[in-house]
Amino acid sequence: MRTPREPLFLARQSYRRRRLEDAARLLPLLGSFLFLLPLLASDISGAALGAYVFAAWFCLILATALISRGLGRWPDATGGDQSGSDADLTPEGADPQSDTDRPPHATSSFEGRD
């Protein structure tokens with residue numbers, strides 16, 4: 001006999017972050033749809049069409065800003081922060097300014113030959 005399965009519980013923050021990521025992925029499709037929509041209507045004047053395009057453009061910019069602000073609240077999915085600091089990439093105890101700790105770059109095929 002099977003034991004009843006526990007309902008899948010997702011943490012509220014990770015769930016919201018995933019939904020915001022989904023919304024960010026759908027914005028280009030929404031933008032394409034909004035910009036192609038006036039092609040279906042043939043009786044729109046040039047001024048109204050221009051106003052529509054700039055209004056749709058402004059709404060897409062606003063939606064992108066809101067989504068990116070919401071995504072910036074939480075650390076990335078790997079658990080680290082997105083500071084982008086190079087100090088995180090240096091080994092422990094190493095001086096980040098010292099070039100001696102870094103591996104040598106690939107040499108040209110002509111260097112070192114006699």
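The values are calculated or read from the model by the stated rules, or taken from the named source; none is laboratory data. Since the model is a prediction, treat every value here as computed from it, not as a measurement. All Cβ positions, even for glycine, are placed from backbone atoms using ideal geometry, and neighbour counts span all protein chains on display. These accessible areas exclude ligands, DNA and RNA; they are computed on the full protein's heavy atoms, side chains included. Shrake-Rupley method; radii C 1.70, N 1.55, O 1.52, S 1.80 Å.
Descriptive notes on the structure:
- Lone unmet requirement of (1) farther than 30 Å from Gln13 by Cβ; (2) modelled with pLDDT under 95 for Pro75: (1)
- Only residues that are assigned to a helix (DSSP H, G or I) and open to solvent by 80 Å² or more (accessible area, probe 1.4 Å) were counted in segment 60-75, giving 4.
- Filter pass, Pro28 being without any contact (Cβ under 8 Å) to a residue 24 or more places away in the chain, open to solvent by less than 50 Å² (accessible area, probe 1.4 Å) and on the phi < 0 side of the Ramachandran plot: no
- Residue within segment 30-43 that is under 17 Å from the mean Cα position of the chain (by Cα), at pLDDT 85 or above and part of a helix (DSSP H, G or I) present: yes
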